[in-house]
Amino acid sequence: MRRELCFPMSADRVTGLVLDAGLEGLGALVSSSGRSRVFLVADERALSFWGDELDLELSGLEQAGRLLIRAEEAAKTVRTLESAWMAMRQAGLRRSADAVVCFGGGLVCDVGALAASTYLRGLPLILVPSTLLCQVDACLGGKTAVNLGDAKNQLGTFYPAESVWIATRLLATLEPGHFRGGLGEALKTSLVGDASIAAGLLARVPGAGEPGFEDWASSLVERCLRVKGAIVTEDLLETGRRVLLNAGHTLGHALESASGFGLTHGEAVAAGLVLEARMAELLEGSAPGLSLELAGMLPGLGIGFAGLSRSPGALADFLERDKKTGRGGQRTWVLPFGWEDCRPTLLSPSEESRLLGSLLEEDAAW
Ligand SMILES: NC(=O)c1ccc[n+]([C@@H]2O[C@H](COP(=O)([O-])OP(=O)(O)OC[C@H]3O[C@@H](n4cnc5c(N)ncnc54)[C@H](O)[C@@H]3O)[C@@H](O)[C@H]2O)c1
């Protein structure tokens, strides 16, 4: 079932991607790129399940050192980044002979990749994403980040990995909320660039461990990454089309924060897609259509609206912290007007509060 894909990210950087069920071959990939030592940045929980397999796979390489991260939003900080730099220094990492391997979900990959991109002005980077969200989305495109206080992902670089190794078997140990989060992000990708993903793969979601799960996951991951790859290879630095990947995210981030992070990122994005689709309809003065269709899909993904904040005050408060607010309080939303038809839409503060007010008064979609 192994698939190999290649995405040219910039004039001097290509991300090679291997999609397989397991980790067999990862060690050979690292050594074939001429690196003899690896520095591991790993998700503590993922490693508790898969550490033996990973160690075995990397046993032919010298281990320069490792940093374990407990993947909680509170750990996505400059302090953790500094710990990574210090551990890299202690390991005496060299740009020419060593590689950083990040093993974990979006959080660990974001932090580990930021450390790799800045230490010695950039070390070779290999990502091994272990969550569905990271496999369908975060592992490709080079965004790295830590938070600055309560401002999410405020510090970061664009630093595409040299290689990404995707092993769908790792998804078997994910907690259900994090699996659902990955499905939410896949729904966004489908809405942005390939309606057939939702029509086919997301219409029936097998449980991890069920027969056929790995083929289903592999197909979902590949199709999502082809959509994202087509966008980021054209616009790595988000000066144009890449912004479309933020569909559902403006309200999604606010809902995620308002839930006290009880909702996972991808679950909040899925709910954000429904509500932002309704905002697009309200803007056009049309009856619920796409928003109802999307809302109808969420139960099949195991995602519900229970627990979502309906308080305009709380949502407005969290929206204000969004780093995408521009001059005069105007904000660019990426509103879904239809399948494969998401559009950047600049809203003034008064338009925004009118739309949000109408949205929150309606019970139709949620
Ligand atoms: N760089 C990007 O393009 C990009 C895109 C989307 C999101 N993100 C970032 O990704 C982060 C969210 O990532 P995520 O949804 O992957 O979650 P995560 O990295 O926070 O991990 C979620 C949970 O799953 C656990 N886990 C990870 N792999 C596991 C496994 N195989 N088995 C069991 N448990 C496992 C972790 O320990 C954690 O408890 C956010 O910080 C977000 O900002 C980055």
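The table for this structure:
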| quantity | calculated |
| --- | --- |
| Heavy-atom surface of the chain, accessible at 1.4 Å and reported per residue (Å²) | 40 |
| DSSP-defined beta bridges in segment 3-234 - what % are antiparallel, rounded to 5 | 30 |
| Separation of the S196 and R241 label points, Cα + 7 Å toward Cβ, nm | 1.8 |
| Antiparallel DSSP beta bridges within segment 9-135, percent to nearest 5 | 5 |
| P(r) weight above 36 Å for the chain, C-alpha pairs, percent | 19 |
| Hz values of 3J(HN,Hα) by residue in segment 336-349 - Karplus curve (6.51, -1.76, 1.60), Gly and Pro given as x | x, 9, x, 5, 6, 9, 9, 10, x, 9, 7, 10, 6, x |
| The chain - percent of accessible surface contributed by carbon and sulfur, probe 1.4 Å | 51 |
| E82 paired with A28, simple spin-label distance in nm, labels 7 Å along Cα-to-beta-carbon | 4.3 |
| Residue-wise HN-Hα coupling along segment 186-197, computed from phi with Karplus coefficients 6.51, -1.76, 1.60 (Hz; x: Gly, Pro) | 5, 4, 4, 4, 5, 5, 6, x, 7, 4, 5, 4 |
| Cα-Cα pairs of segment 246-361 separated by more than 23 Å (percent) | 21 |
| Relative contact order (%) - criterion: Cα under 8 Å, at least six apart; region: segment 3-234 | 22 |
| The chain: Lys pairs at Cα distance under 19 angstrom, eight or more positions apart or on different chains | 12 |
| Along each principal axis, Cα extent of segment 219-259, largest first, Å | 33, 29, 11 |
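The values are calculated or read from the model by the stated rules, or taken from the named source; none is laboratory data. Small disclaimer: the values here were computed from a predicted structure and weren't measured. In this analysis, Cβ positions are derived from the backbone assuming ideal geometry, glycine residues included, and neighbour counts consider all displayed protein chains. With ligands, DNA and RNA removed, areas are computed over all heavy atoms of the protein, side chains included. Shrake-Rupley method; radii C 1.70, N 1.55, O 1.52, S 1.80 Å.
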